[in-house]
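What follows is a single structure, written as structure tokens, with notes after it.
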Amino acid sequence: MGLIKEFTKGLIRENPTFVLVLGLCPTLAVSVSVTNGIGMGIAATFVLIGSSLIVSLVRDFIPDKIRIPCYIVIIATFVTIAELCMKAFSPALDRALGIYVPLIVVNCIVLGRAEAYACKNNLARSFLDGLGMGVGFTLALVLISAIREFLGAGQILGHTLIKGFEPIFVFGMPSGALLVIGLLLGLFNFLKDRKA
Amino acid sequence: MKNNLLVSGSPHIHKPESIARIMWTVVLSLVPAGIAGVIIFGLSALWVTLLAVLAAVSTEFVFGLLTKKKITILDGSAVITGILLAFNLPSNVPLWLPVVGAVFSIAIGKQVFGGLGQNIFNPALVGRVFLMASWPKYMTTFVKPFSIDAVTSATPLAALKEGKIIEHLSYLDLFLGKHGGCIGEVCILALLIGAAILLIKGYISWHIPVTYIFTTALFTYIFGAKTLFAGDWLFHILSGGLILGAFFMATDYVATPLTAQGQLIFGVGCGLLTAIIRLWGGYPEGVAYAILMMNGATPFIDRYTKNRIYGTK
Amino acid sequence: MSLQELLTIFISAVFIYNVILSRFLGLCSFIAISKETKPALAMSSAVMFVIVMSSAITWFVYRFLLVPFNLTYLRTISFILVIAAFVQLVEMIIRKVSPYLYRAFGIYLPLITVNCAVLGVAVLNIDMFFLKNKAVAASFYYSVFQGLCVGLGYTLAMLLMSGIRERLELCNVPKAFKDFPLAFVIAAILSLSFMGFSGFKS
């Protein structure tokens with residue numbers, strides 16, 4: 001399999017959010033606005049790439065029995081770096097994302113990639129895999145948050161699109177997030193069945 | 001439905017009862033409340049109701065085409081959903097509001113679960129809480145009854161919540177519906193006429209409505225005032241959507257428990273939740289939320305109130 | 001510590017900010033294990049136990065290790081390690097002491113380490129009950145109580161959902177909406193109905 005494919009598979013074919021249905025907690029919680037979605041996506045991508053690289057580097061030294069705790073420590077280190085950077089450079093975003101930044105540690109996508117991919121593949125492949133998954137996650141977040149921000153506040157990135165559109169507040173609320181992801185998953189299933 | 005499932009040998013007498021017949025009777029039983037709503041709030045109440053019904057039926061039709069199932073618009077169930085949704089709206093909402101609400105009710109509240117007989121939640125209430133969360137400003141401004149230039153006024157419950165003194169409202173006014181509120185909930189007299197039809201026909205049983213209303217009354221009587229046992233329970237029965245909810249929405253065949261015992265639990269649960277939300281919650285009215293929550297608990301109630309099979313332990 | 005404060009924590013943790021339906025913590029396990037009531041109940045009790053215990057442990061770690069030595073930036077790493085170690089320990093003990101209990105809910109324990117609800121509550125406790133790294137009065141009791149309430153909220157959502165999904169097995173659900181999508185739609189409606197409790201005053 002070519003190196004390019006390692007990257008592109010995370011975008012659509014194995015999209016972590018819509019196909020693998022992993023890491024939903026941050027996806028739903030922070031997708032109120034596109035800005036938040038992008039911020040969360042970048043933070044998660046950073047953690048994914050970093051942890052994939054390190055895990056791939058040390059994969060031959062870690063004893064099999066305690067590999068999961070080792071991965072968690074590696075991931076938590078990168079999450080802490082991301083958390084501190086965010087606090088330093090973008091306090092507003094940090095406040096908006098709240099407890100969901102430290103919770104990247106327990107995001108199943110990150111641990112899942114370390115366990116399923118990075119511990120079996122070399123550096124370059126793991127890097128591309130991490131990048132692809134991260135970008136795929138960011139794309140999904142942007143899609144969901146764009147839908148929610150448009151419907152719930154009538155805006156995209158703070159710009160009003162249609163004059164006179166009455167925002168549907170519910171999409172800015174938790175139940176709206178659940179509704180959007182449920183309907184999107186249903187829609188994708190429907191399209192998949194059509195093609196098959 | 002009464003519990004008259006007796007098994008006996010043939011020949012059986014055939015009864016012309018069918019889903020469509022029951023559903024259209026329910027529609028008929030809702031007509032008095034609708035007429036009262038139009039008399040009290042004017043023609044706009046009629047347009048809201050008609051649009052909601054039309055939107056509900058069309059959505060049902062489109063989903064029938066999409067899923068290639070039998071088209072079920074003639075059985076009247078979508079009509080009921082449309083009417084009940086409209087009855088839960090103020091009469092002065094913009095006309096697109098009932099349409100959006102009805103589409104949501106049928107699509108998300110009913111068809112996603114598989115259509116008639118499969119919905120977990122009451123579709124009309126799903127639509128109502130969706131509208132409530134989405135456009136609260138339209139859902140909470142009410143028109144004063146019999147006013148030509150649409151003066152707004154608060155519902156008795158909202159006034160109570162804000163701590164205002166309720167201006168000269170007698171129990172008779174509340175009973176006849178001479179106060180602000182949703183289209184179908186204000187006239188208790190008309191609602192009781194409709195409820196009587198359903199009870200006499202045996203289409204609904206007394207268990208849920210009676211326990212529901214009684215529990216709410218008891219709870220508001222005990223905790224409804226500064227001192228215990230001094231609450232105005234009659235006011236709580238006659239105002240808000242309690243009567244409409246108890247007789248017409250908490251008695252949905254599909255989304256409520258099957259056995260009498262389960263229905264009693266359901267009624268008490270609805271009553272408690274309604275009273276708690278009214279007395280201490282952020283919203284003035286809790287009927288819709290209470291019934292939806294109990295709808296969610298219904299599969300669970302059913303599981304623990306199964307009838308014992310004769311001869312088993 | 002006042003009764004009023006406890007009641008506020010209870011209502012907001014169980015209903016208004018329900019851990020699953022409003023904060024989306026533990027959503028993965030909620031969707032994956034809520035197909036039947038029995039495993040759902042076992043999972044909920046395991047989660048409740050772990051949340052309560054880890055609330056207590058992380059409080060001690062934060063109050064007596066991280067704050068005195070000025071290491072609060074190690075919060076995330078230390079918490080997840082402590083939780084993972086604790087869960088591992090419980091699993092080993094249960095396996096030795098009671099094979100029956102192990103079969104009933106032990107298999108869910110490893111999953112709980114990466115359940116965001118556990119770490120989430122630990123972080124939330126610190127955010128809520130430490131002001132500028134100083135513990136507010138009775139913050140330990142509040143933390144443990146909040147852990148318990150969040151566990152109760154998790155159990156409530158889990159029970160409702162598993163009951164509903166068991167019934168849906170018999171229903172003629174459109175093919176595209178089978179399983180995951182419908183589970184999310186149901187969660188959305190439950191979340192809408194729990195909004196009835198918003199703005200609660202005690």
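Output yes when any residue across the stretch C:23-39 is over 24 Å from B:PRO299 (Cα atoms) and not small (Gly, Ala, Ser), and no when none is. Among the residues of the stretch C:23-39, at least one is over 24 Å from B:PRO299 (Cα atoms) and not small (Gly, Ala, Ser), which makes the answer yes. Scanning the stretch A:154-188 for residues that are facing another protein chain (nearest Cβ under 8 Å), in contact (Cβ under 8 Å) with a residue 40 or more places away in the chain and either under 12 Å from A:SER31 (Cα atoms) or of a type in the set (Phe, Trp, Tyr) (or both) gives A:PRO174, A:ALA177, A:LEU178, A:ILE181.
Out of the residues in the stretch B:122-150 meeting the condition of being among the hydrophobic types (A, V, I, L, M, F, W, C) and closer than 16 Å to B:THR59 by Cβ, tell me which one is farthest from the other protein chains (Cβ to nearest Cβ). Selected residue: B:ALA124. Determine, yes or no, whether A:ALA114 is on the phi < 0 side of the Ramachandran plot, buried (at least 18 other Cβ atoms within 10 Å of the Cβ) and within 14 Å of chain C (Cβ to nearest Cβ). So A:ALA114 passes the test. Of the helices (runs of 4 or more DSSP H) contained entirely in the stretch A:85-196, those carrying at least 3 residues that are closer than 30 Å to B:LEU66 by Cα fall at A:123-153, A:174-195. So, restricting to helices (runs of 4 or more DSSP H) that lie completely within the stretch C:1-98, which ones have at least 2 residues that are more than 11 Å from chain A (Cβ to nearest Cβ) and touching a residue at least 12 places away in the same chain (Cβ under 8 Å)? Filter on the stretch C:1-98 gives C:3-11, C:37-61, C:75-97. Residue count for the stretch C:41-61 under the criterion of being surrounded by 24 or more Cβ atoms within 10 Å (Cβ to Cβ), more than 11 Å from the chain's Cα centre (by Cα) and of a type in the set (A, V, I, L, M): the result is 0. Under the condition of being within 7 Å of another protein chain (Cβ to nearest Cβ) and more than 16 Å from B:ALA107 (Cβ to Cβ), the residues counted in the stretch C:176-193 number 5.
Taken as a whole, the stretch C:169-179 holds at least one residue that is modelled with pLDDT under 90 and among the β-branched types (Val, Ile, Thr).
Among the residues of the stretch B:189-209, count how many are under 26 Å from B:ILE265 (Cβ atoms) and touching a Leu at 6+ places or on another chain (Cβ under 9 Å).
8
Has the stretch A:122-138 got any residue that is away from chain C (no Cβ under 14 Å), within 26 Å of A:THR8 (Cβ to Cβ) and of a type in the set (Val, Ile, Thr)? For the stretch A:122-138, residues away from chain C (no Cβ under 14 Å), within 26 Å of A:THR8 (Cβ to Cβ) and of a type in the set (Val, Ile, Thr): present.
Of all residues in the stretch B:277-300, which are within 7 Å of chain C (Cβ to nearest Cβ) and assigned to a loop (DSSP other than H, G, I, E, B)? Hits for the stretch B:277-300 are B:GLY281, B:GLY282, B:TYR283, B:GLY286.
Entry remark, the stretch B:154-166: residues being at pLDDT 65 or above and under 13 Å from B:SER239 (Cβ atoms) number 8 in total.
Checking B:ARG303 against (1) touching a Pro at 6+ places or on another chain (Cβ under 9 Å); (2) assigned to a helix (DSSP H, G or I); (3) within 14 Å of another protein chain (Cβ to nearest Cβ); (4) modelled with pLDDT under 90, only one condition comes out false. Which one? For B:ARG303, the failing item is (1).
The values are calculated or read from the model by the stated rules, or taken from the named source; none is laboratory data. None of the values given here were measured: they were computed from a predicted structure. All Cβ positions, even for glycine, are placed from backbone atoms using ideal geometry, and neighbour counts span all protein chains on display.
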